[in-house]
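Asks: One structure, as structure tokens, below. Some questions next.
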Protein chains: 2
Amino acid sequence: MDELSRIDIDLPAIGHNLGVIRQIVGDDCRICPVVKSDAYGLGLHRVAGTLEAGGADMFAVYAPAEAVELVATGCRLPILVLMPVRELSMVDPMYPGLRTGQVHLVVHDVSNLDLLESFAMEFDFLLHVHLKLDTGMHRGGCDPGDGADLIERIMDCPSLHLAGICTHFSSSSTCRETTDRQMDRFDAFIDANADLIDSDCLIHCATTASLNFGDRYARSMVRVGLGWSGSSPNPTMDSAISGLSPVLRWTSRIVQVRHVARGERVGYDGDWCPDRDSTIGIVPVGYVDGYPTPPRDHQQSCTPLVVGLLWNDQLLGHAPVVGKVSMDQLTIDLTDACEVNSISTNCRVELLSNVQGAPNDIQSLAMAGATKPHAIISRLHPRIRRVIHGEVPQGNVLSAGDHAQRGASAV
Amino acid sequence: MDELSRIDIDLPAIGHNLGVIRQIVGDDCRICPVVKSDAYGLGLHRVAGTLEAGGADMFAVYAPAEAVELVATGCRLPILVLMPVRELSMVDPMYPGLRTGQVHLVVHDVSNLDLLESFAMEFDFLLHVHLKLDTGMHRGGCDPGDGADLIERIMDCPSLHLAGICTHFSSSSTCRETTDRQMDRFDAFIDANADLIDSDCLIHCATTASLNFGDRYARSMVRVGLGWSGSSPNPTMDSAISGLSPVLRWTSRIVQVRHVARGERVGYDGDWCPDRDSTIGIVPVGYVDGYPTPPRDHQQSCTPLVVGLLWNDQLLGHAPVVGKVSMDQLTIDLTDACEVNSISTNCRVELLSNVQGAPNDIQSLAMAGATKPHAIISRLHPRIRRVIHGEVPQGNVLSAGDHAQRGASAV
């Protein structure tokens, strides 16, 4: 039966990438991989298991349900829930994880703290919280001016433990100056409140993008998402991170080869009109699968989307995507490729290459698709079959006790 | 535990929409709902069951696996697989459906026909095929010039039954002239080969978009996708279809309300900069969920994306989405809304309204999001909880025998 496409996931590459990040941040800095949205769709269980075995110290997710799912995989590391939690009860599936101290929550504002405080007090356990400061992103967190009061309240409450203080950069993949301005605000806050902050409190702000600028943003923990997946957020900037291995490869096949006369129009709204007699191929992958759909003017002004052409898994060359991407089909221009090779419906195509620098690697695909690497990875539809290479390591570097200890307190 | 968002699906509306289509095409025309990609993510079982009970005559899917899944739901209607099938074997999960005549395949070219012919001959059963003509879309199908030979081969083969001839329009939601040109080519082919075509052969070309122009495109069967979901492909054009009921509603909540001073920047890359002191809200929904991410220049030149603000499910007003949509969050400008109402984290928001004409209905969301209604619906992430209203009708209008009869032959 025809398979539309498949995604190959290289688990050892995830472990390798964690090692690359470790090299940059050193042994004294915690690494907190971000594994929200089913580890960007790569599979929470296998990705988190690989990262835990590879020496991750903590995990970050966005929503409570994701933390519950992560606990259920057998994960033994602390888990940080990034969103402002507004609903809590004793029958909450997250409750056991909060009670054991494995699940940490983020405090974004006063009403958020009110809820967490009264909940922890009522059920009489120590809840680990991280205070989020808004240093310029204006998407969650509190103003630095309100931060000191919140810290004091957390320190005064016997049921709360200030496990971390964090912020998030708005422009770390595009603008170093903006990132530095945010960093300065964050540093100023930490300095001004040094007396209130225990030495075991994790200070974290960097993601993969800011680590690109070097390790000055690392502090005591870094939250890396794109990094473990082997992607650099902005390949056009000088990067301190090198040697990441792409984790994903997405392939499909050609299901039809056709001739189209010069001047005919191809696809929805006839967006593409070849200026020579052409050969096109139909690939059974479209936007529902997560293939990007750049606007027409972007397509015309930028390097086009291309796919690799494969024969027995050997790369023959590349072919540009032409015309509008449909729901479950796209069209490629095979005219040049056909001059050199015999292209038929037996050919496979590579939509996303796992070779860095290829014209269809994650960065090129994102750029040509008018989107970002995060969006490419996380929007690959769950219906696409995942083929896993390597195994989730069984034994972990640290024992469960060690991890809980390291996560809840600090180096 | 906080839920990020939910989608309400109105099953009776699907039945109603089928009735609207029936009114337009009349009783002598078959209706073939397109239910590919898990019925655009709404759930194949429930959608197909509702459509079958509502009087659908056939279903179209894109891939063999979708046909197999549809057979497994208990569907008794014929199922048309649109893609060119290139792999067939006796252990194929699709084989039983092909053998009973429930699953029909599309012939796109000679090599495609070679495979189907030899397969049906080898296993000695009658395979129902539809010939697809390329009349200008250039995405699958054969040139009309090659069509007559293919028909003759099909008619000459005792194991093949020409159950249909079809084409697909490239511009039916944007350009009537182009659609008419394709229709003329299709008609010319049918006329020229009238002697070869049995009266039971289904002639089909129209989708919901072309029915918008009136019923002249209907022929003996129409393939409707957007129509059953209650959406019009292009609301700016005069439409022959009225009275469709939107099937989907997508809601979430506000998880934080914050003040942002004039001149501060909001979100990734600081794309939005308010020219007054503002109040913003954070909604825990982002592009991974399927919320559109229009390019910045599109955002600035078009009506903005808006969400509805709800209190006890009553609409208080609307708020524009500001700044870049993140992976799992978006930001709305509540400044105007706060002047009139008290907006807090208890407010729910409506991302996609089920009220036609609302500024966040499917068409408006698609237009403001620089995408199409199909893409909005089909890309809603499976992780979002679906809440079903109404039940899949149990008894069907026609008996299984009637359906098989009507599907395999014709009126």
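The values are calculated or read from the model by the stated rules, or taken from the named source; none is laboratory data. In this text the structure is predicted, and so the values were computed from the model without any measurement. Please note: Cβ atoms are built from the backbone with ideal geometry, for glycine as well, and neighbour counts cover all protein chains shown.
Asks: Could you tell me which residue of the range B:340-383 is farthest from the chain's Cα centre (by Cα), considering only residues that are under 21 Å from B:Glu3 (Cα atoms) and among the aliphatic types (A, V, I, L, M)?
Replies: Filtering the range B:340-383 for residues that are under 21 Å from B:Glu3 (Cα atoms) and among the aliphatic types (A, V, I, L, M), the one farthest from the chain's Cα centre (by Cα) comes out as B:Ile343.
Asks: Under the condition of being without any contact (Cβ under 8 Å) to a residue 40 or more places away in the chain and of a type in the set (D, E, K, R), which residue from the range B:282-323 is farthest from the other protein chains (Cβ to nearest Cβ)?
Replies: Of everything passing the filter in the range B:282-323, B:Asp313 is farthest from the other protein chains (Cβ to nearest Cβ).
Asks: Select from the range B:160-175 the residues that are in contact (Cβ under 8 Å) with a residue 40 or more places away in the chain and out of contact with any strand residue (DSSP E or B) (no Cβ under 6 Å at 6 or more places or on another chain) and write down the one among them that is farthest from B:Val103 (Cα to Cα).
Replies: Going through the qualifying residues, I end up with B:Thr174.
Asks: What are the residues in the range A:78-93 that are crowded, with 23+ Cβ neighbours inside 10 Å and of a type in the set (A, V, I, L, M, F, W, C), if any?
Replies: Within the range A:78-93, A:Ile79, A:Leu80, A:Val81, A:Leu82, A:Met83, A:Val85 meet the criteria.
Asks: Now for a different question. Counting only residues that are more than 20 Å from B:Asp146 (Cβ to Cβ) and without any contact (Cβ under 8 Å) to a residue 40 or more places away in the chain, which one in the range B:177-194 is surrounded by the most Cβ atoms within 10 Å (Cβ to Cβ)?
Replies: B:Thr179
Asks: Same structure again: Looking at the structure I just gave you, is A:Thr208 touching a Cys at 6+ places or on another chain (Cβ under 8 Å), polar (S, T, N, Q) and outside the structural domain of A:Leu330 (by TED's automatic domain parsing)?
Replies: No: the conditions fail for A:Thr208.
Asks: If you scan the range B:141-158, which residues turn out to be of a type outside the set (A, V, I, L, M, F, W, C) and not in a helix (DSSP H, G or I)?
Replies: B:Gly141, B:Asp143, B:Pro158
Asks: Can you confirm whether A:His138 is assigned to a strand (DSSP E or B), of a type outside the set (Lys, Arg) and assigned by TED's automatic domain parsing to the domain that holds A:Arg223?
Replies: no
Asks: Considering only the range A:196-204, I want to know if a residue exists there that is crowded, with 16+ Cβ neighbours inside 10 Å, within 13 Å of another protein chain (Cβ to nearest Cβ) and either over 30 Å from A:Thr371 (Cβ atoms) or modelled with pLDDT of 95 or more (or both).
Replies: Taking every residue of the range A:196-204 in turn, none turns out to be crowded, with 16+ Cβ neighbours inside 10 Å, within 13 Å of another protein chain (Cβ to nearest Cβ) and either over 30 Å from A:Thr371 (Cβ atoms) or modelled with pLDDT of 95 or more (or both).
Asks: Restricting to the range A:35-53, what's the tally of residues that are among the aliphatic types (A, V, I, L, M), on the phi < 0 side of the Ramachandran plot and crowded, with 23+ Cβ neighbours inside 10 Å?
Replies: 5
Asks: I'd like the residue in the range A:217-234 that is in contact with a strand residue (DSSP E or B) (Cβ under 8 Å, 6 or more places away or on another chain) and polar (S, T, N, Q) and, out of all such residues, is surrounded by the most Cβ atoms within 10 Å (Cβ to Cβ).
Replies: Per the criteria, the residue is A:Ser229.
Asks: From B:Ser232, B:Ser252, B:Ser326, grab the single residue that is away from chain A (no Cβ under 14 Å) and of a type in the set (S, T, N, Q).
Replies: After ruling out the rest, the residue left standing is B:Ser232.
Asks: Being under 26 Å from the mean Cα position of the chain (by Cα), over 13 Å from B:Leu105 (Cβ atoms) and either modelled with pLDDT under 95 or surrounded by fewer than 24 Cβ atoms within 10 Å (Cβ to Cβ) (or both): is that true of B:Cys157 here?
Replies: No.
Asks: Still on this structure: Is it the case that the range A:176-192 has a residue that's within 30 Å of A:Glu3 (Cα to Cα) and not in a loop (DSSP other than H, G, I, E, B)?
Replies: Taking every residue of the range A:176-192 in turn, none turns out to be within 30 Å of A:Glu3 (Cα to Cα) and not in a loop (DSSP other than H, G, I, E, B).
Asks: Restricting attention to the range B:195-205, which residues are aliphatic (A, V, I, L, M) and either farther than 18 Å from B:Lys132 by Cβ or free of Cβ contacts under 8 Å to residues at least 60 places away in the same chain (or both)?
Replies: Within the range B:195-205, B:Leu196, B:Ile197, B:Ile203 meet the criteria.
Asks: Can you tell me how many residues within the range B:39-79 are among the acidic types (Asp, Glu) and farther than 27 Å from A:Arg253 by Cβ?
Replies: Total meeting the criteria: 2.
Asks: Out of everything in the range B:322-356 that is among the β-branched types (Val, Ile, Thr) and outside any strand (DSSP E or B), what residue ends up being surrounded by the most Cβ atoms within 10 Å (Cβ to Cβ)?
Replies: So the residue we want is B:Val325.
Asks: Of everything in the range B:143-196, what is closer than 30 Å to B:Leu226 by Cα and β-branched (Val, Ile, Thr)? Give them in sequence order.
Replies: Within the range B:143-196, B:Ile165, B:Thr167, B:Thr174, B:Thr178, B:Thr179, B:Ile190 qualify.
Asks: Across the range A:284-309, what is the total count of residues that are more than 27 Å from the chain's Cα centre (by Cα) and buried (at least 19 other Cβ atoms within 10 Å of the Cβ)?
Replies: 1
Asks: Name every residue in the range B:319-339 that is under 29 Å from the mean Cα position of the chain (by Cα), more than 16 Å from B:Leu305 (Cα to Cα) and charged (D, E, K, R), in order of residue number.
Replies: B:Asp328
Asks: Out of all the residues in the range A:368-383, is one or more among the hydroxyl-bearing types (Ser, Thr, Tyr), modelled with pLDDT of 95 or more and in a helix (DSSP H, G or I)?
Replies: yes
Asks: Would it be correct to say that A:Ser159 is in contact with a Ser or Thr (Cβ under 6 Å, 6 or more places away or on another chain), polar (S, T, N, Q) and assigned by TED's automatic domain parsing to the domain that holds A:Tyr62?
Replies: no
Asks: If you check A:Asp271 against the conditions, is it surrounded by fewer than 19 Cβ atoms within 10 Å (Cβ to Cβ) and either within 14 Å of chain B (Cβ to nearest Cβ) or in contact with a Ser or Thr (Cβ under 7 Å, 6 or more places away or on another chain) (or both)?
Replies: Yes; evaluated as a whole, the condition is true for this residue.
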